[in-house]
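The values are calculated or read from the model by the stated rules, or taken from the named source; none is laboratory data. Every value quoted in this text rests on a predicted model; they were computed, and no experiment measured them. Counting neighbours? That spans all protein chains shown, and the Cβs are built from the backbone with ideal geometry, glycine included.
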Amino acid sequence: MSSNPVRSRITVRYGIPKATASADKQVKMRLYDVMGGVRSIEARAEDGRHKQQIGVSGLAAGTYILRLSAGGQSIVRKMTVVR
């Protein structure tokens, strides 16, 4: 994840291993706020490295948790939106 703290958009980089089964090529990103609200982004990705930009201009300033699930694995990162 780059650009943390975030003002307008954040770039999330991830990779899908070549040996990944077709069903595991679904990419899910969920952005949670401290009140439990969630914003979801879903896509399919081929093998290799990818990047996804997420605009945060509509989000209030504060701390958010990003959960990325892809290639049968999940990671969780904290990000801060500033104005």
Item to check | LYS18 vs. criteria exposed (fewer than 11 other Cβ atoms within 10 Å of the Cβ), charged (D, E, K, R) and touching an Asp or Glu at 6+ places or on another chain (Cβ under 8 Å) | outcome: yes
Checklist entry - Just a yes or no: is a residue in segment 36-48 modelled with pLDDT of 90 or more, surrounded by 13 or more Cβ atoms within 10 Å (Cβ to Cβ) and over 9 Å from the mean Cα position of the chain (by Cα)? => result yes
Checklist entry - If you go through segment 22-59, how many residues are assigned to a loop (DSSP other than H, G, I, E, B) and in contact (Cβ under 8 Å) with a residue 40 or more places away in the chain? => result 2
Checklist entry - How many residues does segment 56-83 contain that are over 16 Å from GLN26 (Cα atoms), surrounded by fewer than 17 Cβ atoms within 10 Å (Cβ to Cβ) and under 11 Å from the mean Cα position of the chain (by Cα)? => result 4
Item to check | Residue that is nearest to SER3 (Cα to Cα) [pool: residues in segment 68-83 that are at pLDDT 90 or above and out of contact with any Phe, Trp or Tyr (no Cβ under 7 Å at 6 or more places or on another chain)] | outcome: THR80
Next on the checklist: Checking the conditions here, which among GLY58, GLY72 is in contact with a helix residue (DSSP H, G or I) (Cβ under 7 Å, 6 or more places away or on another chain) and among the small types (Gly, Ala, Ser)?
Outcome noted: GLY72
